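We did not get these values from a lab; they are worked out from the coordinates using the rules stated. Since the model is a prediction, treat every value here as computed from it, not as a measurement. Positions of Cβ are generated from backbone atoms using ideal geometry, with glycine treated the same way; all protein chains shown enter the neighbour counts.
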Amino acid sequence: IMKKNNINHYEIVDSTNNEAIRHINSNSKTNWILADRQISGKGRGDNKWESPFGGLYCSHILRDDNINHNHISQISIISSLIVLKTIIFFLNDSEVKAKWPNDILCNNKKISGILINTLYKNDKMNIIIGIGINVLSQSLTKSNAQYSFMDTYNDKINVLDVFHKLIEEFNNIITKWDYGKNFNGLRDNWMKYAYKLGQEITVKHNDEFIEGLFSNIDETGNLILKLNNKILRFNTGEVF
Ligand code: BTN
């Protein structure tokens, strides 16, 4: 699935995911949007993503006739693996974890989040993978109590190096994935870093809270929760 990287770098946008929508609607060839800051960065659900200078804010537009809607849960997990590998490359053996579906934690505090949107244009599906990584802590209004920053663990870090590594990992892993043929190997890799795998967790799903044992991720990327007498599978939700 090797594709050419067409990068558009902005000083400021509302949200790189919104900018991606504008590119799709104007049939542009751009597939990576990068911004130094965002004025209305979006998180999952109704959350905002604070986006001052010093963070990495980018979106990838994935469009491929062989990718369909059923691939999205897998793409969510592999996107998380891509970001995880990127962060680990710079932070070595710091305590980095992947929290299902696609948050990355460092020492139990969030260091990255991913927001995936889809947009149909001329009957073709475009997947927008929006990635935010807390790289530099210097100018941030974000609270250190809640978030981790890469420069706490590596003082030589800069945003562009992280972005270029991210693109490299993206191209590697999406090629390896091969439209799902090798999803299981990538999932196993992701599971080595999974937060609370094998432990009792609470999943919030459609405003409901369900407790159980986080036993696995299935072949489509769903979380498998074991309760006393049944097994539940989640394709979305939040883990506590
Ligand atoms: C989350 O954890 O809730 C997801 C956060 C995703 C933030 C990134 S920053 C780049 C892209 N543009 C956005 O507006 N959001 C995503």
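Expressed as a rounded percentage, what relative contact order does the stretch 162-240 have, with Cα pairs under 8 Å and six or more residues apart?
Relative contact order comes out at 21 percent.
Counting helices only, and only those DSSP H runs with n ≥ 4, report the 222 nm mean residue ellipticity of the chain as the sum of -39,500 (n - 2.57) divided by its residues, in deg cm²/dmol to the nearest 500.
Here the helix-only value at 222 nm equals -8000 deg cm²/dmol.
Let me check I have the definition right: for the stretch 1-86, take the eigenvalues of the Cα gyration tensor, multiply each by 5, take square roots. What are those semi-axes in whole Å, largest first?
21, 17, 13
At what distance in angstrom do the alpha carbon centres of the stretch 165-240 and the stretch 98-154 lie from each other?
17 Å
What would the Debye equation give as log₁₀ I(q)/I(0) for the stretch 14-159 at q = 0.12, 0.16, 0.18 Å⁻¹, counting only Cα atoms as equal point scatterers?
Reported log10 I(q)/I(0), two decimals: -0.48, -0.84, -1.04.
I need to check one value: relative contact order of the stretch 1-51, counting alpha carbon pairs closer than 8 Å and at least 6 residues apart, in percent.
Answer for the stretch 1-51 is 39 percent.
Compare Asn117, Asn216, Asn154 in a GNM of the chain, Cα atoms joined below 10 Å, and give the one with the largest fluctuation.
Checking each option, the largest mean-square fluctuation is seen for Asn154.
Do any of Lys97/Lys165; Lys85/Lys109; Lys3/Lys181; Lys3/Lys110; Lys99/Lys156; Lys99/Lys181 go past 22 Å between their Cα atoms, and which?
Over 22 Å apart, Cα to Cα: Lys3/Lys110; Lys99/Lys156; Lys99/Lys181.
Based on alpha-carbon atoms only, what is the radius of gyration of the stretch 90-229 relative to the globular estimate 2.2 N^0.38 Å?
In units of the globular-protein estimate, the stretch 90-229 measures up at 1.18.
Find how much the distance from Glu211 to Lys3 grows on full extension, using 0.36 nm per residue of separation minus their present alpha carbon separation; answer in nm with one decimal.
70.7 nm
Going by average Cβ density within 10 Å per residue, which order do the peptides 156-165, 27-36, 52-61 take, highest to lowest?
52-61, 27-36, 156-165
Could you give the C-alpha radius of gyration of the stretch 182-232 expressed as a fraction of 2.2 N^0.38 Å, taking N as the number of residues it contains?
1.18
Using Cα pairs under 8 angstrom and six or more residues apart, how large is the relative contact order of the stretch 62-127, in percent?
32 percent
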